[in-house]
1. Which residues, taken from the range 254-294, are outside any strand (DSSP E or B) and of a type in the set (S, T, N, Q)?
2. Out of curiosity, is Glu51 open to solvent by 20 Å² or more (accessible area, probe 1.4 Å), without any contact (Cβ under 8 Å) to a residue 24 or more places away in the chain and on the phi > 0 side of the Ramachandran plot?
3. Name the residue, out of Phe199, Phe161, Phe175, Phe243, that is touching a helix residue (DSSP H, G or I) at 6+ places or on another chain (Cβ under 6 Å), in contact (Cβ under 8 Å) with a residue 40 or more places away in the chain and of a type in the set (A, V, I, L, M, F, W, C).
4. Going residue by residue through the range 130-144, is there one that turns out to be assigned to a strand (DSSP E or B) and modelled with pLDDT of 95 or more?
5. Applying the selection to the range 211-250, what residues are under 20 Å from Asn179 (Cα atoms), touching a Gly at 6+ places or on another chain (Cβ under 9 Å) and either part of a strand (DSSP E or B) or among the hydroxyl-bearing types (Ser, Thr, Tyr) (or both)?
6. Before we move on, is Ala115 among the small types (Gly, Ala, Ser) and either in a loop (DSSP other than H, G, I, E, B) or open to solvent by 20 Å² or more (accessible area, probe 1.4 Å) (or both)?
Amino acid sequence: METHQIRYFLAACQTLNFSRAAELCEVSVPSLTKSIHKLEQQLGGHLFRRERHLTHLTDLGRLMHQHFTEVQNALDAAKADAERYENLHKARLKLGVFSTMPGRHLTSYLRALRAAAPDLRLNIWETNCEELGSALLAGDIDVAFMSATGYGERLRAIPLFQEPYFIAFAAGHRFERMNAVPLRDISGEPYIKRLHCEFPSNLSKLGVAPPYKDVQVRYMSEREDWIQLLVSAGLGCSVMPQFLPIIDGVLIRRLVEPEVSRQISIVTVAGRPHSKPVSIAVKIAQSLPWNIEGAQTPLTTPA
């Protein structure tokens, strides 16, 4: 049996008149009558008894009325739940952000996104680019900001802006007297390695070997605040992206010879249809002037 048969039957039970029941269901009388007759054949007995101008439920009809009322109530509840879920889904976005995404850029983006979609509920998940890629493919997140050096065929990356790398050091270091630091000049320096940094992979794109074999790696950590505190204490230098918020006591100079940068992109799954929130998220990302001065100036600027 089909759901419309149940609906027609319950309307006939309510009105005890096939013409009014057909009008209530917005169908023709023959269509309603045919559906109820088919339902009677499936159930093996008459549901209504028609005597002249009066229509009555049979004993089977009264029994089926109880069951079909429960079925219709369950169907209505399921439909209402589905509509609530759909409305919730339309207003929710799961956004992945790589661990060293520039905070000022992200804040500017979120402000623009809120202006475009004020009712959007945003779930932001922060991790490294490798885990973000896996989460995108698994459907655990909808869209992500990433800075990987490659994405493969299954992910679609839209480039947004370039971010150069700088060398960070404490006041009084010899680098303070330089306007820029050639990469070779960090050779032999005590070094603090940022485990979330994409610096080595960006060097490999330029055909340059990572400098770690030529420095004295003293500390390694995933915590950016700890790294910078160690740098400010004079315990070593560290390579950092330009737009990372820099604490007091840490100075930076641009790396040159070669200049190294990373590409920040907004990434979705290739070929996967965009929901409305994802479409808005991508459109806002593409429309922003990412290189506006106010969003990219580090707290401590090079001389």
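The values are calculated or read from the model by the stated rules, or taken from the named source; none is laboratory data. Just so it is clear, the model here is predicted, and its values are computed rather than measured. A quick note on method: Cβ atoms are made from the backbone with ideal geometry, for glycine too, and the neighbour counts reach across all protein chains shown. The protein model used for the area step is the full one, side chains on, heavy atoms only, and it has no ligands, DNA or RNA in it. Shrake-Rupley method; radii C 1.70, N 1.55, O 1.52, S 1.80 Å.
1. Initial filter on the range 254-294 (outside any strand (DSSP E or B)): 257-260, 270-294.
Scanning the range 254-294 gives Ser275, Ser279, Gln286, Ser287, Asn291.
2. On the way: open to solvent by 20 Å² or more (accessible area, probe 1.4 Å): yes; without any contact (Cβ under 8 Å) to a residue 24 or more places away in the chain: yes; on the phi > 0 side of the Ramachandran plot: no.
When the stated conditions are applied, Glu51 does not pass them.
3. On the way: Phe199 fails: touching a helix residue (DSSP H, G or I) at 6+ places or on another chain (Cβ under 6 Å); Phe161 fails: touching a helix residue (DSSP H, G or I) at 6+ places or on another chain (Cβ under 6 Å); Phe175 fails: touching a helix residue (DSSP H, G or I) at 6+ places or on another chain (Cβ under 6 Å).
Sole residue among the options that is touching a helix residue (DSSP H, G or I) at 6+ places or on another chain (Cβ under 6 Å), in contact (Cβ under 8 Å) with a residue 40 or more places away in the chain and of a type in the set (A, V, I, L, M, F, W, C): Phe243.
4. Yes, the range 130-144 has at least one match.
5. Ser232, the sole residue that qualifies.
6. Details: among the small types (Gly, Ala, Ser): yes; either in a loop (DSSP other than H, G, I, E, B) or open to solvent by 20 Å² or more (accessible area, probe 1.4 Å) (or both): yes.
Against the criterion (among the small types (Gly, Ala, Ser) and either in a loop (DSSP other than H, G, I, E, B) or open to solvent by 20 Å² or more (accessible area, probe 1.4 Å) (or both)), Ala115 qualifies.
Residues are listed down the side, and each one gets a yes or a no for (1) open to solvent by 90 Å² or more (accessible area, probe 1.4 Å); (2) hydroxyl-bearing (Ser, Thr, Tyr); (3) within 50 Å of the chain's Cα centre (by Cα); (4) modelled with pLDDT of 90 or more:
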residue: Phe9; (1), (2), (3), (4): no, no, yes, yes
residue: Leu16; (1), (2), (3), (4): no, no, no, yes
residue: Thr33; (1), (2), (3), (4): no, yes, no, yes
residue: Val71; (1), (2), (3), (4): no, no, yes, yes
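For (1) open to solvent by less than 10 Å² (accessible area, probe 1.4 Å); (2) within 17 Å of Phe98 (Cα to Cα), each residue gets a yes or a no:
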residue	(1), (2)
Ile227	yes, no
Leu230	no, no
Gly234	no, no
Leu244	no, yes
Val256	no, no
